[in-house]
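The values are calculated or read from the model by the stated rules, or taken from the named source; none is laboratory data. None of these values were measured; they are calculated from a predicted model. Please note: Cβ atoms are built from the backbone with ideal geometry, for glycine as well, and neighbour counts cover all protein chains shown.
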Amino acid sequence: MRRSKLKKYSVVTAVLAGAAGAATMAPAQAAPGATLKLTAGDDAYVSSTRTASVFGAETKLVAGLAGKESKTSFLKFAVPAGTKVAGARLVLTTQARTISPVAVRRVLNTAWTEGKLTAATAPALGAVIATAVPGGSLTVDLGKVVTGPGTYAFALSSTGAAVRFNSAESGGGAPVLEVTTEGDVSPPVPSATNCVTGAKLVPTCGVLWGAAAGGFTTVPRDQALRDWEKLSGRTSTIFHTYHRGDEVFPTKSEITMTSEAANPRVLLTNWKIAYGSTWAKVAKGEQNKRIDVFAARAKAYGKKFFLVLNHEPENDVVARAGSGFEAKDFAAMYRHTILRLRAQGVTNVVNVMAYMGNEKWMAQSWWKDLYPGDDVVDWMGLDSYVSAEPGYYHYGKFNDLLDRAPTGGGMNFYDWSTTKHAAKPIMVAEWGAYHRVGRTTDKSPVFNSVLPELAKRPAIKAIVYFDTAKDDEGDRDISINSTPTALAAFKKLAAAPIFKVKLG
């Protein structure tokens, strides 16, 4: 856990607010409960004259005519399981005002993806839902179409001059499907016999439950976790530990902890592989011996386990040419390490790319250069915290640690991850609620908000609590038992059936 200066950005509201300048085709349904703002998982336009071209990476969606060329846009959204839909509407942001009417149509075929969509492969268009002239934005009532969980696709077309909307890649004002629910979304209740982890430790249903206990204390990690499990009332399926450089791991205690039949656990360990070196030197092969020694230990360990390479790398970036710690050096280090482990025959490592989710770092030009590539990343990870102390830095609930966006605007971390890396499961690799030491505040509102938020965010497949009475600077309490009410709320959370996942 390191300090991350993150901005609160909530996407869940109690009432749907109309956008300024919007051309509303029909009034949005009002209903009690929460509003889910779902970003398009796939969106792209196609061209009648460039029938084999793919435009899925464009920052715009286009509908209408440009000379003899006609363009049609497609959007796809996933409504999470367990959602009780009371109403829905599509909200689009225009890039320039226009007088062209835009038709919104249903698309029944949802098998397409933005990375392969062309005019030649585009699905057939269904009936027109509504037609209107957009202003600064366009709002479409979809209450009669979006009626429950599932995948929904739509098309935008026009017989007038081309209209341009922001796409999910635009960095702001992305297409959103706002789903009003009948009260809070009920979290899925998995069956203990059906929820099991697969080849990449992704659960078939439910969410993996984990913890890192005893942080910034002298208590051994294994003992700290056992004490924490007794306190919280549930075995921590994920056992989070930390290592650096040439330290020998998995350690004897880690092997013991993950070998108990009565308390099944899987190891999640963070390895600062470049300790005493640089990312660039690791990428060049100067730490190959270190990688190979670890590879032999990993194979001898045998069990599948999670590996994080240098969690929260944003905080370690030195954005200076030749520093060895540029963002591109991190990506190269990550790729080199994972590919070398694979070449050494390591098949039991499941790697997690763990970000800070810091809005300052997310806004940096180099932030995008950190990502090493989908081919070497198994899970997307996030380390993020909220304050339970009203008025203090990052005060909020569980959704706030996921919804922080770059300074200056852009997609929040959850939307970015599920849009840009939709195939990757998300692990909240460190999370916690804190108050300042000496200013005890009840954390139960944060703990009570977890289950409703997980139900709205199906990409989250694991959450790992970081428990300590004092953080790295000694002034924040992230423990689950700083008040009796906080502990009671956390124990209630820990007992939820959603976390009853069997290790496969």
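Quick rundown of the values:
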item: Those residues of region 204-218 which are under 18 Å from V464 (Cβ atoms) and in contact with a strand residue (DSSP E or B) (Cβ under 9 Å, 6 or more places away or on another chain), in sequence order; result: G206, V207, L208, W209, G210, A211, A212, A213, G214, G215
item: Residues located in region 236-257, provided they are of a type in the set (S, T, Y) and either surrounded by fewer than 19 Cβ atoms within 10 Å (Cβ to Cβ) or under 17 Å from V293 (Cβ atoms) (or both); result: Y242, T251, S253, T256
item: Test result for L201, more than 30 Å from K470 (Cα to Cα) and either in contact with a Leu (Cβ under 6 Å, 6 or more places away or on another chain) or among the hydroxyl-bearing types (S, T, Y) (or both); result: no
item: Condition met for R297 (in contact with a strand residue (DSSP E or B) (Cβ under 6 Å, 6 or more places away or on another chain) and either in the same structural domain as S323 (by TED's automatic domain parsing) or more than 20 Å from V349 (Cβ to Cβ) (or both)); result: no
item: Residue within region 271-284 that is assigned by TED's automatic domain parsing to the domain that holds N348, touching a strand residue (DSSP E or B) at 6+ places or on another chain (Cβ under 9 Å), under 22 Å from W361 (Cβ atoms) and not in a loop (DSSP other than H, G, I, E, B) present; result: yes
item: The listed residue being more than 12 Å from the chain's Cα centre (by Cα), of a type in the set (G, A, S), modelled with pLDDT under 95 and more than 29 Å from D475 (Cα to Cα), out of G396, G391, G410; result: G410
item: Counted residues, region 475-504 - those being of a type in the set (V, I, T) and either part of a helix (DSSP H, G or I) or surrounded by fewer than 22 Cβ atoms within 10 Å (Cβ to Cβ) (or both); result: 3
item: Matching residues in region 426-466 - criterion: being of a type in the set (D, E) and surrounded by fewer than 22 Cβ atoms within 10 Å (Cβ to Cβ); result: D442
item: Test: G373 is within 25 Å of G41 (Cβ to Cβ), in contact with a Phe, Trp or Tyr (Cβ under 6 Å, 6 or more places away or on another chain), assigned by TED's automatic domain parsing to the domain that holds R320 and not β-branched (V, I, T); result: no
item: Some residue of region 251-269 being over 21 Å from W361 (Cβ atoms), in contact with a strand residue (DSSP E or B) (Cβ under 6 Å, 6 or more places away or on another chain), modelled with pLDDT of 95 or more and in a loop (DSSP other than H, G, I, E, B); result: yes
item: Yes/no for G206 being of a type outside the set (K, R), touching a residue at least 60 places away in the same chain (Cβ under 8 Å), surrounded by fewer than 16 Cβ atoms within 10 Å (Cβ to Cβ) and closer than 30 Å to A433 by Cβ; result: no
item: Qualifying position, being touching an Asp or Glu at 6+ places or on another chain (Cβ under 7 Å), buried (at least 22 other Cβ atoms within 10 Å of the Cβ) and either assigned by TED's automatic domain parsing to the domain that holds A494 or at pLDDT 90 or above (or both), among A168, A211; result: A211
item: Filtered residues of region 95-109 (kept if at pLDDT below 90 and closer than 20 Å to T419 by Cβ); result: Q95
item: Elements of type helices (runs of 4 or more DSSP H) in region 375-474, at least 2 residues being of a type in the set (F, W, Y); result: 413-420
item: Any hit, region 335-343, residues being touching a strand residue (DSSP E or B) at 6+ places or on another chain (Cβ under 7 Å), of a type in the set (D, E, K, R), assigned to a helix (DSSP H, G or I) and at pLDDT 95 or above; result: no
item: Residue pairs meeting the criteria (Cβ under 9 Å; at least 6 apart or on separate chains; first more than 11 Å from T93 (Cα to Cα), in region 160-172; second in a helix (DSSP H, G or I) and at pLDDT 90 or above); result: none
